[in-house]
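Student: Got a structure for you, written out below as structure tokens; questions coming shortly.
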Amino acid sequence: MTTMAGVGSADRLRAAWAGAHRPVPGVPGWARNAAYAVPCTVFPSSLWRIAVCTFHAPIGRGAIGSGTAPSGVPGVPLGLYVIVLSIVSELLAFTAVGLVSAWGEMFPRWIPVLRERRVPALAAVVPAALGAVVLTLLWTWVAVSFSLGMRIDAGPLTSNSVLSLDDWKGLVAVIAYAPLVLWGPLLGAVTISYWKRRRITDPGISGSR
């Protein structure tokens, strides 16, 4: 019985995973690939943070690498903070997949009150568009600042800076964080595709005629 229950749970998990990723009709191939790529832009930095700050892997520089850096949240250790931050980041990134999947157009059955109701197009487009703009500006500024030898607060990079091209540890951090530059543009492109598709499939949206 235990084995059968385990198999049933695994089947339900696979079905839920497939359902969450299955694109709706009319989604261009490039939009599907871009949406699937968004969580991948976040994963390397999340993996690096957890490896360095939680498991103290010897691949970090400065205070973070030595394990003495604070989390910035009173009473919360850095190791726990980065786990929560990484999970939240991945969940936010995964919402891009909703812009090409059925659950981005109709609320899932497990959501009370709203279950199987149509998702208002603007309820998805507005936060996605704002997020795309903020992420693009943020990570572009980080990249430009780093290329100019500055921190994001315009202060100079130091010998203990986490991101650096001076040694392999700093280079690993750069490689882990570099994909984040693509998060905003990819999300923006998928959001535009979603809006165009919903204008066609939802006659009630202004301007669809």
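What follows draws every value from the coordinates through simple rules; no lab data is involved. Just so you know, these numbers come straight off a predicted model, no measurement behind them. Cβ placement follows ideal geometry from the backbone for every residue including glycine, while neighbour counts extend to all protein chains displayed.
Student: Using the Karplus curve 6.51 cos²θ - 1.76 cosθ + 1.60 with θ = phi - 60°, what ³J(HN,Hα) values do you get for each residue of segment 97-106, in whole Hz, with x for Gly and Pro?
Tutor: Values per residue, Gly and Pro as x: 5, x, 6, 10, 10, 4, 6, x, 10, 9 Hz.
Student: Oh, and also: Taking amide H positions as placed 1.01 Å from N in the peptide plane, with prolines and chain starts having none, which residues 5 or more places from Met106, or on another chain, fall under 5 Å of its amide H?
Tutor: It is Val119, by chain and number.
Student: With a cut-off of 8 Å between alpha carbons and a minimum separation of six or more residues, what is the relative contact order of segment 80-209 in percent?
Tutor: It comes to 24 percent, rounded to a whole number.
Student: From largest to smallest, what semi-axes in whole angstrom does segment 25-201 give when each is the square root of 5 times an eigenvalue of its alpha carbon gyration tensor?
Tutor: 35, 19, 13
Student: Okay, moving on. Enumerate the amide H contacts of Ser101 below 5 Å, restricted to partners 5 or more residues apart or on another chain; note that Pro and chain-start residues carry no placed amide H.
Tutor: For Ser101, whose amide H was placed from the backbone, the distant partners under 5 Å are Val24.
Student: Also: With θ set to phi - 60° and the Karplus curve 6.51 cos²θ - 1.76 cosθ + 1.60, what are the ³J(HN,Hα) couplings of segment 60-65 in order, to the nearest whole Hz, using x for Gly and Pro?
Tutor: 3J(HN,Hα) across segment 60-65, in whole Hz: x, 10, x, 5, 5, x.
Student: Which ordering of Asp167, Asp202, Asp153 is given by a fewest-first count of other beta-carbon atoms within 10 Å?
Tutor: Going from least to most buried by this count: Asp153, Asp167, Asp202.
Student: So what are the ³J(HN,Hα) numbers for segment 164-172, from phi and the Karplus equation (6.51, -1.76, 1.60; θ = phi - 60°), rounded to whole Hz, Gly and Pro as x?
Tutor: Residue by residue, segment 164-172 yields 6, 9, 7, 8, 5, 5, x, 5, 4 Hz.
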